[in-house]
Amino acid sequence: MKCLSCKHGDMLPSTTTYFTEFNSCMLIIKNVPCMKCEQCGEVVFSTSVHRKIEHIVANVKKLTSELTILEYDNVA
């Protein structure tokens, strides 16, 4: 599959670190499975991974912390 962003690189299975900020809090999820462009680094998540990320974020929003770092395999 070619990258939809740069149109040149191939999308290869990889992992990435997901960052999001909400309510003055930062959430970092390490080693999230993705497809990453070998040319430009564009990252695309599968529907199932995206749903798991949404679930993780919803659960973390219940916590009151300024910074949360999670390992994807431990919480997905």
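The values are calculated or read from the model by the stated rules, or taken from the named source; none is laboratory data. Bear in mind the structure is a predicted one, so any value in this text is a computation, not a measurement. Surface areas here come from the heavy atoms of the whole protein model, side chains and all, with no ligands, DNA or RNA. Shrake-Rupley method; radii C 1.70, N 1.55, O 1.52, S 1.80 Å.
Considering Glu71, Glu54, the condition of being open to solvent by 100 Å² or more (accessible area, probe 1.4 Å) and over 9 Å from the mean Cα position of the chain (by Cα) is satisfied by Glu54 alone.
Do you know which of the residues in segment 6-43 that are open to solvent by less than 40 Å² (accessible area, probe 1.4 Å) and of a type in the set (Ser, Thr, Tyr) is nearest to the chain's Cα centre (by Cα)?
That would be Thr16.
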